[in-house]
Amino acid sequence: MAEWPRCAVGVPNLGLFADPVLLADLAAAAEEHGWDGFFLWDHLVWRDRAWPAADPVVVMSAVAARTAATGLTAAANVSRPPGTPGVPAG
């Protein structure tokens, strides 16, 4: 079993961070400076739908292409309120 990351970066994929190239650059820079994990939000939309969002699968693909040893994880939000799309009501 692989060792858990000791130092990880967690980033959103919304607003100013809705750019897969920017996020891949951040992941590569983090890896170059000794960070060994990269956690990405899983959002496709935000409360304010005017905010841009980068598709997390596209971002994770870009990060995987730019890094060699960084662990990559989508940080899923499992505490969404009932009635939210994809969450059973009640």
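Some notes on this structure:
- Counted residues, segment 28-44 - those being crowded, with 18+ Cβ neighbours inside 10 Å and within 10 Å of the chain's Cα centre (by Cα): 4
- Taking segment 64-78 as the range and being among the small types (G, A, S) and at pLDDT below 80 as the test, the residues that pass are A69, G71, A74, A75, A76.
- Candidate set: segment 1-60, residues that are among the acidic types (D, E) and part of a loop (DSSP other than H, G, I, E, B); chosen: the one nearest to G71 (Cα to Cα): D36
- Residue within segment 47-63 that is charged (D, E, K, R), modelled with pLDDT of 80 or more and buried (at least 18 other Cβ atoms within 10 Å of the Cβ) present: no
The values are calculated or read from the model by the stated rules, or taken from the named source; none is laboratory data. Note that the structure is predicted; figures quoted are calculated from it, not measured. Neighbour counts are summed over all protein chains in view; Cβ atoms, including those assigned to glycine, are modelled from backbone coordinates with ideal geometry.
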